[in-house]
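*Asks:* Starting off with a structure, shown below.
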Amino acid sequence: MWPFSRKHTKITSAKELDEYLRGALGENVRALEVSPETAMRCTTVWACVRVLSTVLAHLPLHVYDGNKEIVTDSRITRLLARQPNQWMSKTDFWRLCMTQLMLWGCTAWRKIRTGSGEIGQLMPVEPGSITVDKDAETGDPIFRVTRKTGVKVDIDRNDLFFVCAATLDGYEPLSPVRHNKNAIALAMMTEEFGLDSFARGAKFSGILKHPSHLTDEAAQRLRSQFEDAYHGKKNWHKTIVTEDGMEYQKISQTAEEAQFNDTRELQRSEIASIWGVPPHKIGDLRRATFGNIEHQALEFVIDALTPYLTLIEERIQLDLMSARSIANGQYVKFKVDGLLRGDSKARFDAYSKGINWGIMSPNEARALEDLPAREGGDDFLTPVNVIVNGVAPNEDETPSVPA
């Protein structure tokens, strides 16, 4: 039976109710099957996965050379920023990568090489089927995949693009879902309780008190007459008429029932904290204001998204880039500038200061606004009231300002 029926428990806050539920549910919560697949039935888990995977899929990924110039004809760009294999788009690829990282704690892709030995495609490997062991002699990781037929196949680490979000031993990945299954199970059970309550309608709104003793037949007849007269939408707000000294007494909402929504909100915040997702990103705007929403968006990029981006960028360089490219100073980076934009006034004030002080060129500012470059926009300005390398600017020369 649901623990709300325990009348002797006094609860005054959502935190107390959460602790009470954990103890009252006991084995029921622990026995509830929570896996990366079933966890997606929890609306908060789904929302967190949707937010992070969608944002990652829409971020531009560029390969840069040693001079910080974008390399347009890179094999990595063709593979990761356009089409990783014959049937998946760039968006499909990155959404799946982030979903697997969040649920299983890793994402694995097998390298399919061309006749020349270059990586031509990346094929997904089911993360639940892969285990990582340690070679007793060399210490190198051994990636073992269990196929649906039960056959185990070892994959050489040089043939795998493998990203691990968290681990305790440097080899086996940790699943955030499995290691936080109690919090997710509690959220799922409170959701099931709410659904069951509305479906069954097992809630007493009031009682009829009669001054004398009623036979079973009289009580049943009285109940039927009362329900026929006052139950259902068509009978809402009707005036209750009693007879023979009867009284109608409304049952107040219990403390446990009053805190039910607060419990669900507490679980939303707790689950979102597993991946560092700010509450406003999953629809919880209780603490969001027009004054702090921009800072919360910045917090999302720094605390929730950037750790994943850095992890992926490093694995791309280790697993997918050639030794020659790395020796030439090439590296990959996701462009998050669009996510860090403030309001238009703040952005253009910053551009103005950057251009006037020679920190950035007009074309660089235009690129941040997704505008095309213009002629003369690559020149940097030098203020006339500063000294350049110990030499004051020639007073006869007028700084060139692009038209």
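None of the figures in this text is laboratory data; all of them are computed from the coordinates on show. Given the structure is predicted, the values throughout are model-derived calculations rather than measurements. Positions of Cβ are backbone-derived with ideal geometry, glycine not excepted, and every protein chain shown enters the neighbour counts.
*Asks:* Too long at a 30 Å Cα-Cα cut-off: which of K68/K353; K134/K281; K148/K335; K152/K281?
*Replies:* K134/K281; K148/K335; K152/K281
*Asks:* If you don't mind, another one. Suppose every K and R has +1 on its Cβ and every D and E has -1 on its Cβ; what is the size of the dipole of the stretch 135-200 about the Cα centre, in Debye to the nearest 20?
*Replies:* The dipole magnitude comes to about 360 debye.
*Asks:* Could you tell me which of rounded, prolate or oblate describes the stretch 73-131, using a ≥ b ≥ c as the square roots of the eigenvalues of the alpha-carbon gyration tensor, with rounded for a/c under 1.5 and, failing that, prolate when a/b is larger than b/c and oblate otherwise?
*Replies:* oblate
*Asks:* How many nm separate the modelled label positions at E369 and E137, each set 7 Å beyond the Cα in the direction of the Cβ?
*Replies:* Rounded to a tenth, the inter-label distance reads 6.4 nm.
*Asks:* By its C-alpha gyration tensor, with a ≥ b ≥ c as the square roots of the eigenvalues, how is the stretch 43-93 shaped: rounded for a/c under 1.5, else prolate for a/b larger than b/c, else oblate? List each step's numbers first, then the result.
*Replies:* Values: a/c = 4.98, a/b = 1.81, b/c = 2.75.
It is oblate, given that a/c is not under 1.5 and a/b is not larger than b/c.
*Asks:* In the stretch 23-114, which chymotrypsin sites (Phe, Trp or Tyr not before Pro) fall in coil by DSSP and have 10 or fewer other Cβ atoms within 10 Å? Walk me through the numbers on the way to the answer.
*Replies:* Values: sites: W46, Y64, W87, F93, W94, W104, W109; in loops: W87, W104.
Listed in order of number, the matching sites are W87.
*Asks:* So, counting K/R as plus one and D/E as minus one, what does the shell of residues with Cβ under 14 Å around Q220 add up to? It would help to have the intermediate numbers written out before the result.
*Replies:* Values: positive: R221, R223; negative: D216, E217, E227, D228.
Here the count lands on -2.
*Asks:* I've got another one for you. I'd like the Karplus ³J(HN,Hα) series for the stretch 86-103: coefficients 6.51, -1.76, 1.60, θ = phi - 60°, whole numbers in Hz, and an x wherever there's a Gly or Pro.
*Replies:* Listing the rounded values in order: 5, 10, 10, 8, 4, 5, 4, 4, 6, 5, 5, 4, 5, 4, 5, 4, 6, 8 Hz.
*Asks:* Note down the net charge around S89, summing +1 for each Lys or Arg and -1 for each Asp or Glu among other residues with Cβ under 11 Å from its Cβ. Let's see the in-between values first.
*Replies:* Values: positive: R82, K90, R95; negative: D92.
Here the charged neighbours net out to +2.
*Asks:* Another question, then. Sort the stretch 263-379 into rounded, prolate or oblate with this rule: let a ≥ b ≥ c be the square roots of the eigenvalues of the Cα gyration tensor; rounded if a/c is under 1.5, and if a/c is not under 1.5, prolate when a/b is larger than b/c, oblate otherwise.
*Replies:* On the way: a/c = 3.75, a/b = 1.27, b/c = 2.94.
The shape class here is oblate.
*Asks:* Once fully extended, how much extra length lies between T310 and S344, figured as 0.36 nm per residue of separation less the alpha-carbon to alpha-carbon distance? Intermediate values should be presented prior to the final figure.
*Replies:* Values: separation 34, 0.36 × 34 = 12.24 nm, distance 2.81 nm.
Contour length minus the Cα-Cα distance gives 9.4 nm.
*Asks:* So what is the relative contact order for the stretch 33-107, in percent, with contacts set as C-alpha pairs under 8 Å and at least six apart?
*Replies:* This gives 31 percent for the stretch 33-107.
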